[in-house]
Amino acid sequence: MRFSSWEPLATAVAPRGAGVLQVRAGLGSDGLRRYPRGTSAMVYYDGGTDLGAALDRARAHTQHVTTPMSVRFASSLTAADDLAKLLGEFERRFGALPSLTTDDG
């Protein structure tokens with residue numbers, strides 16, 4: 001899976017089709033969030049058969065955050081599996097899910 005370059009969440013346009021996305025907070029170290037086993041700027045992951053819908057959910061989940069947000073995309077034919085893998089790896093590494101990711105998306 002290969003992610004695109006980072007772009008501002010507010011103006012991003014999702015590629016057509018299935019895939020996953022990552023959202024990071026801030027620019028550089030100002031976006032770091034503390035997790036039980038370290039720090040990361042990643043705050044939200046999503047994906048599925050429609051990256052446009054995933055992008056809409058990302059914007060809804062981050063609308064209350066005042067820090068600039070960036071997003072990047074990866075196309076995937078196995079988006080649900082790839083999303084589960086990314087979330088599992090994040091949780092194993094940092095001891096929690098990304099701060100704005102919820103069980104429902």
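Which of (1) at pLDDT below 90; (2) within 20 Å of Ser5 (Cα to Cα); (3) out of contact with any Ser or Thr (no Cβ under 8 Å at 6 or more places or on another chain) is the odd one out, the single condition Gly26 does not satisfy?
Tallying (1) at pLDDT below 90; (2) within 20 Å of Ser5 (Cα to Cα); (3) out of contact with any Ser or Thr (no Cβ under 8 Å at 6 or more places or on another chain), Gly26 fails exactly one: (3).
Checking the condition over 20 Å from Met1 (Cα atoms) and either touching a residue at least 12 places away in the same chain (Cβ under 8 Å) or of a type in the set (Asp, Glu) (or both), which residue from Ala60, Ala96 passes?
Result: Ala96 is the single residue among Ala60, Ala96 that is over 20 Å from Met1 (Cα atoms) and either touching a residue at least 12 places away in the same chain (Cβ under 8 Å) or of a type in the set (Asp, Glu) (or both).
Here are the criteria: (1) under 17 Å from Val20 (Cβ atoms); (2) not in a loop (DSSP other than H, G, I, E, B). Tell me which single one Asp30 does not satisfy.
With respect to (1) under 17 Å from Val20 (Cβ atoms); (2) not in a loop (DSSP other than H, G, I, E, B), Asp30 is out only on (1).
Please state which one of Ala10, Ala58, Ala14, Ala54 is part of a loop (DSSP other than H, G, I, E, B) and either in contact with a helix residue (DSSP H, G or I) (Cβ under 9 Å, 6 or more places away or on another chain) or crowded, with 18+ Cβ neighbours inside 10 Å (or both).
Residue meeting the stated conditions: Ala14.
Quick test of your reading of the structure: Ala84 fulfils all but one of (1) touching a His at 6+ places or on another chain (Cβ under 7 Å); (2) of a type outside the set (Val, Ile, Thr); (3) outside any strand (DSSP E or B). Name the failing condition by number.
Failing condition for Ala84: (1).
Determine which single condition Val71 fails, assuming it passes every other condition in (1) surrounded by 19 or more Cβ atoms within 10 Å (Cβ to Cβ); (2) over 22 Å from Gly17 (Cα atoms).
(2)
Just one of Leu21, Leu55, Leu27 is of a type in the set (A, V, I, L, M, F, W, C) and over 15 Å from Ser76 (Cβ atoms); which is it?
On the way: Leu21 fails: over 15 Å from Ser76 (Cβ atoms); Leu55 fails: over 15 Å from Ser76 (Cβ atoms).
On inspection, the qualifying residue turns out to be Leu27.
The values are calculated or read from the model by the stated rules, or taken from the named source; none is laboratory data. Quick caveat: nothing in here was measured; it's all calculated off a predicted structure. Methodologically, a virtual Cβ is constructed for each residue, glycine included, from the backbone with ideal geometry; neighbour enumeration extends over all protein chains shown.
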